[in-house]
1. Might you let me know whether segment 42-52 holds any residue that is in contact (Cβ under 8 Å) with a residue 40 or more places away in the chain and either assigned by TED's automatic domain parsing to the domain that holds residue 120 or assigned to a strand (DSSP E or B) (or both)?
2. Any idea which of (1) at pLDDT 95 or above; (2) assigned to a helix (DSSP H, G or I) is the one residue 29 doesn't satisfy?
3. Taking only segment 136-150 into account, find how many residues are in contact with a helix residue (DSSP H, G or I) (Cβ under 8 Å, 6 or more places away or on another chain) and assigned to a loop (DSSP other than H, G, I, E, B).
4. Please work out if residue 79 is touching a helix residue (DSSP H, G or I) at 6+ places or on another chain (Cβ under 6 Å), assigned to a helix (DSSP H, G or I) and in the same structural domain as residue 103 (by TED's automatic domain parsing).
5. Could you please find all residues in segment 8-26 being outside any loop (DSSP other than H, G, I, E, B) and either surrounded by 15 or more Cβ atoms within 10 Å (Cβ to Cβ) or under 19 Å from the mean Cα position of the chain (by Cα) (or both)?
6. In segment 151-166, what residues are surrounded by 16 or more Cβ atoms within 10 Å (Cβ to Cβ) and assigned to a helix (DSSP H, G or I)?
7. Considering only segment 113-135, state which residues are surrounded by fewer than 18 Cβ atoms within 10 Å (Cβ to Cβ) and either at positive phi or not in a loop (DSSP other than H, G, I, E, B) (or both).
């Protein structure tokens, strides 16, 4: 979003329509469109629309030092045209020590510039280290990729978060691997229907998982 100026009017209209239809969460980041995505979202929610949404943005790992996190958040707030974020995420783990990022998050909470903070793309080992740091237990969520083709979190991260009653926030971008495994239409007897296509796809996708679970059981 906000990467092609020719699409800006359509993107604005789509977000505005989403709000009109009950869209309740907007997830953006300083990285998206080099900040242009935040500016676009800010135009859409300007005025009374801000209170209609749960607003999320993310800080880049390269901006995740204690002071840099604060500056990055203030930049996001300025582009979004708001005085607060409902949730602020570390986009992924980088070289910056977690303690520095946690200090920045704590300051932003104290200043009322963010209500909650969390992380994105952390595996279970990262999460285990995070909650062991001073202030790390305040993490609100871990946003991770999870779809039919990317199910690795089921083995470790999902149980880890479940044991600690920590909410996970999954992104469901389509997986090329999953899509490439969809049989071509020519493999089905004709005529076919959307229901048959879906049934065949789920069978081909989930059967190996069931076989693996039966062997493990």
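1. Yes, some residue in segment 42-52 is in contact (Cβ under 8 Å) with a residue 40 or more places away in the chain and either assigned by TED's automatic domain parsing to the domain that holds residue 120 or assigned to a strand (DSSP E or B) (or both).
2. Failed condition: (2).
3. 4
4. Details: touching a helix residue (DSSP H, G or I) at 6+ places or on another chain (Cβ under 6 Å): yes; assigned to a helix (DSSP H, G or I): yes; in the same structural domain as residue 103 (by TED's automatic domain parsing): yes.
The answer is yes for residue 79.
5. Step one: of segment 8-26, the residues outside any loop (DSSP other than H, G, I, E, B) are 8-20, 25-26.
The answer is 8, 11, 12, 15, 16, 18, 19, 25, 26.
6. Keep residues of segment 151-166 that are surrounded by 16 or more Cβ atoms within 10 Å (Cβ to Cβ), which gives 153, 157-158, 160-161, 166.
Residues satisfying the conditions are 153, 157, 158, 160, 161.
7. Step one: filter segment 113-135 for residues surrounded by fewer than 18 Cβ atoms within 10 Å (Cβ to Cβ), giving 115-116, 121, 123-126, 128-129, 131-135.
Hits for segment 113-135 are 115, 116, 121, 124, 125, 126, 128, 129, 131, 135.
The rows are residues; the columns are (1) surrounded by 21 or more Cβ atoms within 10 Å (Cβ to Cβ); (2) within 30 Å of residue 13 (Cα to Cα); (3) out of contact with any helix residue (DSSP H, G or I) (no Cβ under 6 Å at 6 or more places or on another chain); (4) in the same structural domain as residue 125 (by TED's automatic domain parsing).
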{"residue": "35", "(1), (2), (3), (4)": "no, yes, no, yes"}
{"residue": "60", "(1), (2), (3), (4)": "no, yes, yes, yes"}
{"residue": "75", "(1), (2), (3), (4)": "no, yes, yes, yes"}
{"residue": "106", "(1), (2), (3), (4)": "no, no, yes, yes"}
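The values are calculated or read from the model by the stated rules, or taken from the named source; none is laboratory data. For clarity, every value in this text was computed on a predicted model and none was experimentally measured. Counting neighbours? That spans all protein chains shown, and the Cβs are built from the backbone with ideal geometry, glycine included.
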